[in-house]
1. Nearest 5 is fine: what % of DSSP beta bridges in the chain come out antiparallel, could you say?
2. Taking the alpha-carbon distance from LYS60 and a cut-off under 21 Å, which lysines remain once sequence neighbours fewer than 8 residues away in the same chain are dropped?
3. Among 365-373, 9-17, 126-134, 195-203, how do they line up by average Cβ neighbours within 10 Å per residue, starting with the highest?
4. To the nearest 10 degrees, how steep is helix 337-348 against the longest Cα principal axis of the chain, on a 0 to 90 scale?
5. Determine the gain in length on full extension of the stretch MET412-ILE311; use 0.36 nm per residue of separation and subtract their C-alpha separation, reporting nm with one decimal.
6. In whole Hz, what ³J(HN,Hα) sequence does the range 164-175 give by Karplus (6.51, -1.76, 1.60; θ = phi - 60°), x for Gly and Pro?
7. Beta carbons within 10 angstrom, averaged per residue: use that to sort the peptides 317-330, 232-245, highest first.
8. In Å², and per residue, what accessible area does the range 215-325 have when probed at 1.4 Å with the other protein chains present?
Amino acid sequence: MDTNYYKNNLLNRFLHYVSFDTQSKPNAKSSPSSIGQMKLAKHLQKELIELGLEQVEVSKYAVVTAFLPSNRPELSHTIGFIAHLDTSPECSGKNVKPEVIENYRGGDIALGIGEEFISPVYYPFMHQLIGKTLIVADGNTLLGADNKAGIAEIMTALEIIQKEKLPHCNLRIAFTPDEEIGLGMQYFPLADFLCDWAYTVDGGEVGELEYENFNAATAKIYFSGRSIHTGYAKDKLINALALACDFHQGFPKDEVPEKTEGKEGFFHLEHFEGNIEKAELHYLIRDFDLSSFEKRKQFVLDWTAKFNAEIGLKTPVECVVHESYKNMYDAVQKVPQAITIAEKAMDLCGIHVIHKPIRGGTDGAFLSEKGLPCPNIFTGGYNFHSKHELISLEGMEKATEVITEIVKFKKM
């Protein structure tokens, strides 16, 4: 097998995919939330057909699906591989200009004209990447490795499987929109995507294998005030902004993302807007333990009720709690071979497996909750959602290799 040929194809695919502006848009009401996601979806449809896959479809929601039947009778089970089309709304994904750094020698990496730097002082993992080929953006945008690296790795693995005629089980492929805003999965054709289990290829450093994530919910708090000229405001003005500030003070100050790690849960104030008459607070509620998660949701409801009783407003503060996704752990444990086979594949590739909880969510959390166990494997990327995003080509090769090994195993 000509590994350099596939390595170049992997790099070229990735560099091409990041040229599509697929940034998702917050508060979108329909999916895909950006036209670039549909453009990339249609490009991938064409590429999948050229690779010889069957049942290649793009839905009106920009969900790409395809099927590759098994080429061995003993490999009759079905595994899915999934990556998402969109990039994070937290950082621009328009006009991405990737830069390839061969044989990284350590030290700071100047991005573009040098106004932005990626430094091992802040990112110690960079010491592990000395000698690797790194890919970064130019300091004006994110790179898009989350999750276009996953797409490139899946596509290159399919190319290798097809051209090298590697043994493989039945394979279902999906590329999904709007993962970053939690919107695309509601349009996923789960009834037609029949698998024994699946993997999202959406993790970080080489070796990551994730099958445990936060239980997640959002809480939106609405405040009503009354605007009066400040010169005549005594006993009349009600400041919705001040009420919101007072309300926030009732949350535990140490249970926030910047003071928690591992499996510790938190409340996160992610959005505050308004004026004297109307104000809103938006919170993320996160916890790995379901019992603690339920207590966190109840805390917000109870604190709202107490706040209303203490303030005695004519128009009470309103609280709306909405569940986002659940911890995939219990669902994945029902199909332990999904983890065992991934571990064995990584071992064959000389990779040390890193079991870690996801302090966030993936499309796999939704699918697991719906009955399709879906752990997450690495892409080889770092610093997602930021201008400092980077990935190593060698890490992408390893992810591709792991995929080609996973498909060879018999169902246990």
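The values are calculated or read from the model by the stated rules, or taken from the named source; none is laboratory data. Because the structure is a prediction, the values reported are computed rather than measured. Heads up, the Cβs are rebuilt from the backbone with ideal geometry, glycines too, and the neighbour counts pull from every protein chain shown. Keep in mind that these areas ignore ligands, DNA and RNA; they rest on the heavy atoms of the full protein, side chains included. Shrake-Rupley method; radii C 1.70, N 1.55, O 1.52, S 1.80 Å.
1. Antiparallel: roughly 75 percent of the beta bridges in the chain.
2. Here the lysines satisfying the reach criterion relative to LYS60 are LYS25, LYS29, LYS39, LYS42, LYS46, LYS148.
3. 195-203, 365-373, 9-17, 126-134
4. 60 degrees
5. My answer for the length gained is 30.3 nm.
6. Rounded to whole hertz, the list is 8, 6, 6, x, 7, 7, 5, 10, 10, 10, 9, 10.
7. 317-330, 232-245
8. Per-residue accessible area for the range 215-325 comes out at 58 Å².
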